[in-house]
1. Find the eigenvalues of the gyration tensor of the Cα atoms of the range 399-501, then list the square roots of 5 times those eigenvalues as equivalent ellipsoid semi-axes, largest first, in whole angstrom.
2. If amide H atoms are built 1.01 Å from N in the plane of the peptide, which residues on other chains or at least 5 residues away come under 5 Å of the amide H of Ser13?
3. Which three numbers, in whole Å and largest first, are the semi-axes of the equivalent ellipsoid of the range 223-295 derived from its Cα gyration tensor as √(5λ)?
4. Quick one: order His64, His186 from most to least accessible surface, probe 1.4 Å.
5. If I ignore ligands, DNA and RNA and count only protein heavy atoms, how much of Thr420 is accessible to a 1.4 Å probe, in Å² to the nearest 10?
6. By DSSP, what percent of the beta bridges with both residues in the chain are antiparallel, rounded to the nearest 5?
7. Excluding residues on the same chain fewer than 8 positions from Lys98, give the lysines whose Cα lies under 17 Å from its Cα.
8. Report, in whole Å, the centroid distance computed from the Cα atoms of the range 453-467 and the range 1-47.
Amino acid sequence: MNYIIAIDQSTSSTKALLFDEQCKMVARTNVDHKQYYPQTGWVEHDAEEIYQNMIEAIRLLIDHSPFSGGAECGVARTSDNFSLCITNQRETAVVWNKATGKPIANAVVWQDTRGAQLCRELRSQGKAKMVFDKSGLLIDPNFSATGVKWLLDNIPGAREQAVRGELLMGTMETWLIWKLTGGTVHATDYTNASRTMLFNIHTMQWDDDLLQLFDIPRSMMPELKPCDAIYGETTCEGLFASPITIAGVLGDSHGALVGQMCFTKGSGKVTYGTGSSVMVNIGEEPLPAPEGLVTSVGFSAFGKTYYGYEGNIYSTGATLKWMSDQLGLVAHPSEMEAQATSVSDNGGVYIVPAFSGLGAPWWKSNVKGAIFGLTFATTKAHILRAALESIAYQIRDLVDVMARTTGSRLSEICADGGPTKNQFLMQFQADMLDTSVVCTEVDDASALGAVIMNGFARGLWSGFDDVIAFRKVTQTYTPQAAPQREMLYQGWRNAVNQLIR
């Protein structure tokens, strides 16, 4: 049996998941990395730590899985037994010296808002239309360009090194591929490229006007490849006796779109992670997104590119983690469901989790989070319930915008990510959307999407129909009669309006 190692490099951790060639996950490991908050609104990661954590996650996977073909099983770790694919947190920007292989500073994470002032200046200069027309994106510090520009402008000597062609940039998958291949491959895929604000979604190339706008030399930019390409080979720092193939790369939200088998126009998904992404396949034409949303490359395979409307929410799973880690209201987010269901409603409490500003459809990077409706009757359970409800309200914000553009609501929406285990949240989400929410067997849909692209690249499957059969629905949440639906949602909108007006 041959196996595919899927690296899921997320905002909070790096997972290594082992899949067989029937897309069944047989083992997984997880290594957390540190979050750095050097100033208010700044969020950083140590790219070197993330690379080492990835290698450690792979080592744990192959050493301790009875299915992995580890040395203890008497099976050689060779390219005949394994290949590797990658899905990753998007937009997080890494800049490194190509001679030393060392980052010039910590990575600027997608949640970071240090580029907010630059974005305001560019919008005031009338640059928003040009950026939107070319990249499909709104000018926002969420995207990679502002982070790269900040590093070049503020790290001593960085701008001069970049002009001399000594620096490289990339999102996290580019950095990992470069390291895995010993610095021989500097590449990204179209999905991650489409989230940098430097990529033209019409020409499918790095755009000179956008590079000039952010003063980023073209020499820093990685080679562009489709998702179903072979990217190189690696021994994973000697973990394998001979090199294994790296094939199948795409951003995490795009991986979930593929993993949920949203191959047809009009199909969509919600990924519940640190933040959340709502993405709908709009076909092979990069149509302008409705107000508050963006157009990105959904995925590219078999010589074709499929685009998606997308809205990104900055804080969903991160809100639950904040409730446990920072406030200590529960020991772990998994305990929140029992608390939330111990009260009959939210008690009038609304949480707007704008820890890093508000994302789609508001795009207000300067807004701070707030809790509304506190009274002496408010309990811990009300606050925890309000935190869970805030996720469903934010998802509805995006789905409503999409529905107004397409003229019809989604008949169902596919859901993936850790919070899908919370039955209260999933049912409340279905009620709030008045749409069925479908959860599938694989929690890690992003990783499954990368595995599918790996199989396409290596010729395991010749088309989308070959893998659709692997999708197994575990639970469907149908909307229940909810006479308070609109009243609850209006309470949410009133809370948001108090912050953005």
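The values are calculated or read from the model by the stated rules, or taken from the named source; none is laboratory data. Keep in mind the model is a prediction, meaning the values are calculated, not measured. Quick reminder, even Gly has a Cβ in these numbers, built from the backbone with ideal geometry, and neighbours come from all protein chains shown. Surface areas here come from the heavy atoms of the whole protein model, side chains and all, with no ligands, DNA or RNA. Shrake-Rupley method; radii C 1.70, N 1.55, O 1.52, S 1.80 Å.
1. Those come to 33, 16, 14 Å.
2. His33
3. After scaling each eigenvalue by five and taking roots: 31, 15, 11 Å.
4. So the residues, ranked largest to smallest area, are His64, His186.
5. 20 Å²
6. Rounded to the nearest five, the antiparallel share is 70 percent.
7. Lys179
8. 23 Å
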